[in-house]
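A quick write-up on the structure given underneath.
The values are calculated or read from the model by the stated rules, or taken from the named source; none is laboratory data. Small disclaimer: the values here were computed from a predicted structure and weren't measured. As a convention, Cβ positions derive from the backbone with ideal geometry for all residues, glycine included, and neighbour counts pool all protein chains shown.
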Amino acid sequence: MNIGDTVLKGYCALAPMAGVTDRAFRELCLSYGASCVYTEMVSAKGLIMHDRKSALLMSLSENERPAVVQIFGCEPEAMAQAAKLAESTGCFAVDINMGCPAPKVAGHGGGSALMKDPDLAARITEACAKAVSLPVTVKMRSGWDESSVNAPALAVMLENAGAAAITVHGRTRKQMYAPPVDLDVIKAVKEAVNIPVTGNGDITDAESAKKMYEYTGCDHIMAGRGALGNPWIFAQINTLLGAGETLPEPPIEEKMRVMVNHIKKLCEYKGDYVGMREARKHAGWYIKGVRGAASFRREIGALESIEQLEALAEKVIISAAE
Ligand SMILES: Cc1cc2nc3c(=O)[nH]c(=O)nc-3n(C[C@H](O)[C@H](O)[C@H](O)COP(=O)(O)O)c2cc1C
């Protein structure tokens, strides 16, 4: 599929995930065939106030192509200014967050709260689209709650306001991340608009990706939690949807090798102290489902160095073989 002039190779994007989809993880997922990657959401206000952390969140390396910068906020002028700043990163599109349920975002009128105010959502989209020459896209939920499922109608408004593509996470804000995703609402958005639609929610393996893609008729799909400790999911999805073939799980030795290399990159980009602390959650995801995983939890929680991580990887391989 194309967004603007950019051809996305592959079927499935890596979803934006605050605290997770940093440079190391984005590069890794692209290497496994993610069609594109998104930055963590970045505060529009932070960007225009030249906050260093916000600027760092949206910075992209040469190895991250194609990439989208995602911004959040609720003021059209500030969002337009932020979109302009994002444009200079080398991203191919700027995405507006209309899905975040967190009180620190939605409680201030941004993220999913914009779904309750379609006129404001359209004004923000229009202001951003006019401010930049790159495509402006929107990621939304199905609605605020079960009595206000408005994604199809809102998507039409945003298309008219200049959105180049829409991603729909098929849950309401009230549902957060729990009940099964509503594929029908994604299908309804696809039928309502003429711009590309990306379906998102509960893609945990190639089979669930196929179901999302075929049932909804969407142009493209996006995986979030299903990629945690599991970046090869993108290769598995591309192989099933592209060639109709099932790619087996990598052997545990390969998984552990990928984990260690991932964390080495994390340390290279963020420094050993931050990298090793963030490594703990990733290590937990990489060993999920491995025999004896529970017994490694405490060790993971105390990881301080790459040497300890390598020793853990060895133990996990031995434990899996027992
Ligand atoms: C830890 C975490 C952080 C997230 N951060 C963002 C974010 O910054 N921007 C956004 O649009 N969605 C964010 N999301 C939502 C995901 O992009 C995605 O829509 C959601 O997890 C559903 O997809 P999944 O079932 O494949 O995980 C986040 C989700 C998680 C679990």
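Looking across the range 56-93 at every residue that is acidic (Asp, Glu) and part of a loop (DSSP other than H, G, I, E, B), the one that is nearest to the chain's Cα centre (by Cα) is identified as 64.
For residue 291, indicate whether it is assigned to a loop (DSSP other than H, G, I, E, B), at pLDDT below 95 and out of contact with any Cys (no Cβ under 9 Å at 6 or more places or on another chain). So residue 291 fits the description; yes. Can you find even one residue in the range 162-171 that is more than 24 Å from residue 66 (Cα to Cα), modelled with pLDDT of 95 or more, in contact with a strand residue (DSSP E or B) (Cβ under 9 Å, 6 or more places away or on another chain) and not small (Gly, Ala, Ser)? Within the range 162-171, one or more residues are more than 24 Å from residue 66 (Cα to Cα), modelled with pLDDT of 95 or more, in contact with a strand residue (DSSP E or B) (Cβ under 9 Å, 6 or more places away or on another chain) and not small (Gly, Ala, Ser). For the range 110-149, filtering for residues that are closer than 22 Å to residue 37 by Cβ and assigned to a strand (DSSP E or B) leaves 6.
Residue by residue, here is whether (1) touching a strand residue (DSSP E or B) at 6+ places or on another chain (Cβ under 9 Å); (2) in contact (Cβ under 8 Å) with a residue 24 or more places away in the chain holds:
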| residue | (1), (2) |
| --- | --- |
| 12 | yes, yes |
| 29 | yes, yes |
| 35 | yes, yes |
| 39 | yes, yes |
| 50 | no, no |
| 57 | yes, no |
| 69 | yes, yes |
| 80 | no, yes |
| 88 | no, no |
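For residues that are hydrophobic (A, V, I, L, M, F, W, C) and within 11 Å of the ligand (Cβ to nearest atom), scanning just the range 165-184, find the one that is nearest to the chain's Cα centre (by Cα). Ranking the qualifying residues of the range 165-184, first place goes to 168.
For the range 210-217, the count of residues that are assigned by TED's automatic domain parsing to the domain that holds residue 161, modelled with pLDDT of 95 or more, in contact with a helix residue (DSSP H, G or I) (Cβ under 8 Å, 6 or more places away or on another chain) and away from the ligand (no atom under 16 Å from the Cβ) is nonzero. Comparison of 270, 264, 315 shows that the only residue that is within 21 Å of the chain's Cα centre (by Cα) and not assigned by TED's automatic domain parsing to the domain that holds residue 24 is 270. If the condition is being of a type in the set (A, V, I, L, M, F, W, C) and more than 13 Å from the ligand (Cβ to nearest atom), then the range 187-209 contributes 188, 189, 192, 193, 195, 197, 206.
Entry remark, the range 65-88: residues being within 16 Å of the ligand (Cβ to nearest atom) and not aliphatic (A, V, I, L, M) number 4 in total.
Scan the range 18-55 for residues that are over 25 Å from residue 223 (Cβ atoms) and either aliphatic (A, V, I, L, M) or part of a strand (DSSP E or B) (or both) and jot them down. Hits for the range 18-55 are 44, 47, 48, 49, 55.
Taking the stated definitions as given, is residue 189 farther than 27 Å from residue 32 by Cβ and buried (at least 20 other Cβ atoms within 10 Å of the Cβ)? For residue 189, the condition - farther than 27 Å from residue 32 by Cβ and buried (at least 20 other Cβ atoms within 10 Å of the Cβ) - is met.
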